[in-house]
């Protein structure tokens, strides 16, 4: 927005340089965090390889000049952390296991919790996919988007199947944070006077906020649409159970797409 109010080309150049620097800093922070977690998931330490010959070879392969360039490319989604780690897993795994008896060979470490709120990363780097609108309790997967950090999808999101598998990363809900998430639901009922209010009363009786409510009627059928704010799938299921107790209710469903 600043660029719209700047008159001199010199000022515009300075602001653009500042914006570019901020974007690079965010990419570096996110890239480092993703790489450290991906290395850890494979029983490796990212810091161990910072000045290694393997890193220099990797920079040459991607036509990059510095380690920061590589980390930044990971942060902005042009290179996946898995692509980087694969260069080291192939070389290190045999060395670590070849001297151990079969029974003593280490199993791969369990994947760590990446979390929705990445440590040391501003929340702006994480967003929820509008195609599936995940909430806590849904099984989720992260996708490294170009210049947008991590986009969180449900694991069964149809759109996710069309994306580049190399950019998919493991994420989990950070249950320490308790936030309300908007969920769109549709309740189909037998139409009668006050049907929208009747269903709304059930929802609010559970101390659940309604941010949108609308009803459309056709041939004695009322289709009620709501956007409600819930903390997780457990609370959403409680809402569904309560609504189903109404005799006028024919069906209820969660609408995934915004």
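Quick look at the values:
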quantity	calculated
Check on residue 134, within 21 Å of residue 227 (Cβ to Cβ) and assigned to a strand (DSSP E or B)	no
Tally, over the range 141-161, of residues that are within 12 Å of the chain's Cα centre (by Cα), modelled with pLDDT under 85 and part of a loop (DSSP other than H, G, I, E, B)	1
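The values are calculated or read from the model by the stated rules, or taken from the named source; none is laboratory data. Note that the structure is a prediction, hence the values are computed from the model and not measured. Cβ sites come from the backbone with ideal geometry, for glycine too, and all protein chains shown count toward neighbours.
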